[in-house]
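These notes concern the structure reproduced below.
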Amino acid sequence: MAVREGLLAVLSGGPRHGYQIKTDFEQATGGVWRLNVGQVYTTLDRLERDGMVTLDDSGESKVYSLTENGEQELARWWEAAPLDEAPPRDELMLKVLTALDRGRDHALRVIEAHRTVLTSLLQQRRRRMREEGPLTDSLATQIVNDALMLRAESDLRWLDQCEARLQATS
Amino acid sequence: MSEHSPSTGTPVLEFMDVVKSYGSGTTETRALTSVDLRVAPGEFIAVMGPSGCGKSTLLHLAGGLEPVTAGRVLVNGRDVSEMSPADLATLRRREVGYIFQRLNLIPSLTAVENVMLPLELDGTGRKEARERATAALQGVGLSHHLDRYPTEFSGGQQQRIAIARSLVAQRSLLLADEPTGSLDTVNSDEVIELLAGLPAKFGTAIILVTHEPRFASWADRVIFLRDGHVVDESR
């Protein structure tokens, strides 16, 4: 979870107090990534300890600012392409792999159940997008919606591929 | 604002324990087995499944293009298997429209003449047919250059013309078999969005066969077919 870098990105827009950092982060992420206040302050404490932010508590509320180190860290994060592919350890894959261990028919049932649920999820998102639409959604929300739709499509394609492989081995 | 919404009246299409086989004896192949399906007026259904699962067969039976082996297919309450060839032709002209991956427009007719064709075949006068065809084309977002020939339009525009042709006779059921197969992504999305708007606009029920989850997501219901069976459904 890149909350740490997300907070640095919010602070790159100028000094802010803790609660404003939380709300700006949530707005920037299209409202789909909620943070609790405790998590925000814990992360800010660590960033201060690491010299990425400074804290000014001379006024009524604590105001955080990005340091030069923080600027550099943020620039590195934005530019670092994730070249090293992470191990494929998502839950859906784990479910299919463990189901396969119980036998082909069980795996096919698990695939079918998840295909239905994911398709239903796509339909619900589409309905919401049609009802509320790009006229009311912020650009961030539209981009988040696109990502969620495409990821669900990708999972569905993968499930189809799993099914085809299982059918081919029967 | 929707003018129409899926109703609970007489289904526009009903499959009752439908079986479809090809061949016989040891060479018999089941394309559909015990399929039950009800499609309400103005409902948008997507049918998904791997190649050979029976998707296209389902559309053929729905439109009376092929007879069932067993069971019943009702279109607007009437049993298709009891219809004469002439009745079936009338059914396809007046009640059931098709959109295919291949555009099937007649190249020697202009856009508006292509759309006028089903009306003229049904005895509508040329003037009225032209007015209705022009309105149908406007309904799918085409209002210019209607006297040009199909090849003068882009692929997406040609599919819009095909949709207008299938709608012009105010048919209650539209069967679309991979209608975006020959289009690029942008045109595909536009065509599906257009299709998805038809039930609310005209009260037309749609059955869309597609491989694309993105397109199926527009549907009220998604039916999953496997080896000729309906195995699941999502809403």
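Annotations for the structure displayed:
- Selection within the range B:128-144 - part of a helix (DSSP H, G or I) and among the aliphatic types (A, V, I, L, M): B:Ala129, B:Ala133, B:Ala135, B:Ala136, B:Leu137
- You will find that of A:Ser138, A:Ser120, the residue that is of a type in the set (Ser, Thr, Tyr), more than 8 Å from chain B (Cβ to nearest Cβ) and open to solvent by less than 90 Å² (accessible area, probe 1.4 Å) is A:Ser138 and no other.
- Of all residues in the range B:77-118 being polar (S, T, N, Q) and under 17 Å from B:Ile161 (Cα atoms), the one that is surrounded by the most Cβ atoms within 10 Å (Cβ to Cβ): B:Asn114
Yes/no matrix, rows are residues, columns are (1) within 23 Å of B:Phe15 (Cβ to Cβ); (2) of a type in the set (A, V, I, L, M); (3) away from chain A (no Cβ under 14 Å):
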| site | (1), (2), (3) |
| --- | --- |
| B:Arg171 | yes, no, yes |
| B:Asp177 | yes, no, yes |
| B:Gly181 | no, no, yes |
| B:Thr185 | no, no, no |
| B:Val209 | yes, yes, yes |
| B:Ala219 | yes, yes, no |
| B:Ile223 | yes, yes, no |
| B:Val231 | yes, yes, no |
| B:Arg235 | yes, no, no |
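- Applying the condition of being within 13 Å of chain A (Cβ to nearest Cβ) and open to solvent by 50 Å² or more (accessible area, probe 1.4 Å) to the range B:187-207 and asking which residue is nearest to the chain's Cα centre (by Cα) yields B:Glu193.
- Scope the range B:31-51; condition at negative phi and either within 12 Å of chain A (Cβ to nearest Cβ) or β-branched (Val, Ile, Thr) (or both); matching residues: B:Thr33, B:Val35, B:Val39, B:Phe44, B:Ile45, B:Ala46, B:Val47, B:Met48, B:Pro50, B:Ser51
- Meets criteria (part of a helix (DSSP H, G or I), charged (D, E, K, R) and free of Cβ contacts under 8 Å to residues at least 60 places away in the same chain) for B:Arg160: yes
- Of the residues making up the range B:208-235, those that are open to solvent by 10 Å² or more (accessible area, probe 1.4 Å), assigned to a strand (DSSP E or B) and of a type outside the set (A, V, I, L, M) are B:Arg221, B:Arg226, B:His229, B:Asp232, B:Glu233.
The values are calculated or read from the model by the stated rules, or taken from the named source; none is laboratory data. Since we're looking at a predicted model, the values are computed, not measured. With ideal geometry, Cβ positions are generated from the backbone for all residues, glycine too; neighbour counts draw on all protein chains shown. Just so you know, the surface numbers come from the protein's heavy atoms only, side chains and all, with ligands and any DNA or RNA stripped out. Shrake-Rupley method; radii C 1.70, N 1.55, O 1.52, S 1.80 Å.
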